[in-house]
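Chemist: Mind looking over this structure? Questions follow.
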Amino acid sequence: MRALNKSIVGISFFSTLFLLAGCSGPQVRYGDAKAVETVTVDYGSTDLQSIAEAMVRSLLQTKVISGSKYAPTITVADVKNKTTEYIDTRVITDKIRTQLLKSGQVRFAVNINEMQSQVDELKRQNQSGLYKSNTISKTGNMEGAKYRLEGSISSIVKQTKDVKDVYYVFNLNLIDNETGLLEWADEKEIRKSATR
Amino acid sequence: MKKLIPLFIALLLSACNSNPSVSEMTIRMGNTGNIEIVDMRSIVRNGLLTAQVTVKNDSNSNLVSYRFKWLGKNEIAIFDDEAWKPITIAKGQTGTIIGIAPSPDATDFRVELNQYK
Amino acid sequence: MCIKNIRFTYFVAFAALTLFGCSSTPPIRSGQGLLPNPFASKPIAETIKEEQKSIAVTNIFYKKEGANVKYVEEISNKYDSNASISGISGSADKPAPESKSSDTKDIFSDIQTSAFPIKFTNVSDFKPSDHPTIQKDLEARLAADGIPVPPSNSSTPSAPVGNITTNSQVVKKAGIERQAEYGQLRSFSAAIRGLLIKSGYKVVMANTAVPVANQGDDFFQVVERIKAGEFNGADYVMFGVLGEMSFTDNVDEIPGTKSTSQQIGLDLIVDFSLIDTKTYQVVASFLAEGNGKEVRIDGRDNGFKPSMAKLMKQASTTLAQDVARHLADQNFVTSTIAEPEIGRNYKRNPYSDDASTLKIYPK
């Protein structure tokens with residue numbers, strides 16, 4: 001009887017211990033930022049990474065960049081989101097721009113949406129009257145971009161009772177600003193499907 | 001004269017095959033034993049190292065992810081880890097993976113294969 | 001076995017030598033195999049430099065034209081008198097003086113100076129009585145001719161004595177008067193002289209050209225000036241004539257921001273000719289452009305007033321650069337002086353790893 005009591009006490013003690021350990025709350029872990037993400041069929045981090053990488057590698061191999069002795073100057077224009085989801089397209093172009101800059105083969109000029117901070121800084125240095133004139137960056141000497149990057153992302157969503165299939169296509173064009181000619185264009189297609 | 005001939009032939013033969021083997025160039029993680037690399041070749045196209053790997057799926061599971069690791073001279077990596085890219089190959093199908101280096105610094109590469117659920 | 005080996009080695013050696021021989025071909029140098037051009041003479045620039053011939057650079061000649069609408073109102077009085085009235089030299093039938101164009105010029109030419117800008121006056125607006133200096137002079141002139149000037153306010157003449165009939169005639173004429181000013185711009189030639197000196201030419205100072213009255217377009221006659229010895233014996237003269245000088249002030253919005261930019265510019269184009277003083281041959285000829293630019297963000301909102309000195313300095317340096325570029329085209333100066341170092345965007349060099357510092361750690 002005593003042994004049974006002891007064992008009951010022992011078992012209950014350890015079981016509560018295990019239960020408590022299990023009920024300690026949600027666990028936080030760091031995951032791999034580069035891992036394949038398959039949470040839902042919507043636009044995800046793997047799509048963003050694979051689009052940016054494919055566009056950058058293809059752009060670096062084009063004759064406009066690899067064939068020229070000097071690094072061409074590019075500016076990034078808008079990437080239109082033609083899907084029905086919310087996609088932050090500026091993140092895609094920022095990623096492309098970062099990877100291209102790291103390769104050292106192109107130079108970037110500020111975008112239209114970064115002009116306000118550029119103009120504010122020029123105004124502060126040139127027109128406030130507080131700066132020594134041989135240490136300032138003078139107004140009127142900005143360098144213009146020879147090319148611009150423009151693109152769009154669109155999707156086709158098909159859904160039945162059991163299957164949801166989403167197809168994304170991302171288009172990117174490199175346009176010469178002066179002549180208006182398209183110097184490079186590439187697209188990346190992604191298909192994701194979810195079954196119940 | 002006689003001794004020079006075998007030396008000459010040996011040099012020729014060694015010059016023909018100085019690349020590492022496919023298994024040396026592949027790093028496998030997870031359960032990827034059913035993926036077989038059929039062909040691997042690389043070339044410098046427009047100043048960038050371009051690698052082409054042909055993979056064949058021998059079994060049912062067809063989800064595998066890959067990425068390339070780009071090395072400069074002296075086998076030191078020149079870029080951050082790439083993102084894992086999933087590819088879907090049906091049983092018996094061969095697929096081609098093409099990787100382009102991120103900058104002209106890359107002179108060597110490795111292929112990494114991983115499973116993903 | 002020995003014989004076979006020897007033959008084999010000879011064969012291999014022969015093959016290797018031929019392969020090496022075929023592998024590299026010397027590049028074909030341009031011009032090799034072509035006959036020298038018997039008509040090619042030494043470029044003029046080299047002869048000028050070698051023989052240390054001197055070049056004089058003139059200040060830039062200009063002519064400014066303006067048109068003014070002139071309105072002349074002349075009042076002439078004709079007096080018929082039977083009795084002599086003191087104060088009036090009884091002259092009868094003195095006809096009203098014709099208003100010749102030269103007369104009007106005499107009346108007005110020394111009052112209106114050739115100061116700029118020349119204003120356009122509306123015909124209906126111009127009344128001599130509105131311009132007191134002109135009115136006074138008009139009265140003085142008419143009085144000198146012996147014609148009494150009636151006071152402008154009163155309509156009736158002064159009390160006549162005796163039997164006098166007066167006929168009054170008023171003549172109103174309007175026309176366009178053209179004025180031309182000749183002169184030299186003095187601020188733009190110094191940079192050009194400096195550029196020529198840097199290139200190794202011998203530069204001689206030219207006399208300034210003083211415009212003479214009624215000279216007309218003879219002011220630009222450089223051949224006559226060379227004959228008159230105005231260039232101090234220089235062998236070549238660089239003669240510049242101003243085409244046009246414009247001052248622009250524009251405001252535009254800056255896309256992507258809430259600000260506007262005010263762009264103030266001073267542009268000038270100058271027609272240059274390099275003339276040989278002995279044979280009057282034009283050795284080089286081009287049109288050069290200079291522009292000074294000043295950009296002010298939100299300038300129009302804040303009432304920005306530009307500095308003419310800064311604009312002219314920039315225009316002078318850009319004009320000299322453009323002259324250098326044209327002279328380089330025509331082989332007078334080397335292009336290193338002509339082209340300032342344009343900031344080229346170079347690609348990043350591949351990583352340069354110092355292989356001697358490589359360390360591999362064994363397990």
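Chemist: Going by how many other beta carbons lie within 10 Å of each one, how would you line up A:Y86, A:Y30, fewest first?
Modeler: Values: A:Y86 8, A:Y30 5.
Listed from fewest to most nearby Cβ atoms, that is A:Y30, A:Y86.
Chemist: With r as the distance between the Cβ atoms of A:D120 and B:L63 and R0 = 56 Å, compute the FRET efficiency 1/(1 + (r/R0)^6) and round to 0.05. Mind showing how you got there, number by number?
Modeler: Working: r = 50 Å, r/R0 = 0.89.
For B:L63 and A:D120, the calculated efficiency is 0.65.
Chemist: Using only the alpha-carbon atoms, how far is helix A:115-127 inclined from the longest principal axis of chain A? Give it as 0 to 90 degrees, nearest 10.
Modeler: Approximately 50 degrees, to the nearest ten.
Chemist: Also: Nearest 10 degrees, 0 to 90: what angle lies between the long axis of helix A:2-22 and the longest principal axis of chain A (Cα atoms)?
Modeler: So the inclination is approximately 10 degrees.
Chemist: Within 10 Å of each candidate Cβ there may be at most 13 other Cβ atoms; applying that plus a DSSP loop requirement, which trypsin sites (Lys or Arg not before Pro) in the range C:171-253 survive? Provide the component values of the computation, followed by the final result.
Modeler: On the way: sites: C:K172, C:K173, C:R178, C:R186, C:R193, C:K198, C:K202, C:R225, C:K227; in loops: C:R186.
Counting only loop positions with at most 13 other Cβ atoms within 10 Å, the trypsin sites (Lys or Arg not before Pro) in the range C:171-253 are C:R186.
Chemist: By a straight-distance test (C-alpha under 23 Å), which lysines pair with B:K85 as possible cross-link partners, with residues fewer than eight away in the same chain excluded?
Modeler: Reachable lysines: A:K34, A:K95, A:K102, A:K164, A:K188, A:K192, B:K56, B:K69, B:K117.
Chemist: Calculate the dipole size of the range A:45-121 relative to its Cα centre from +1 charges on Lys and Arg beta carbons and -1 charges on Asp and Glu beta carbons; express the result in debye to the nearest 20. If you can, show how the numbers build up before the last one.
Modeler: On the way: 10 positive and 9 negative charges, 103 e Å.
Approximately 500 debye in magnitude.
Chemist: Continuing with this model, one more query. Rounded to the nearest 10 degrees, what's the angle between the helix A:45-60 long axis and the longest principal axis of chain A, both from Cα atoms, 0 to 90?
Modeler: Long axis of A:45-60 versus the principal axis of chain A: about 30 degrees.
Bear in mind that the values in this text are calculations on the coordinates, not laboratory data. The structure presented is a predicted model; accordingly, all values stated were derived computationally and were not measured. No Cβ is skipped: glycine too gets one built from the backbone with ideal geometry, and neighbour counts run over all protein chains shown.
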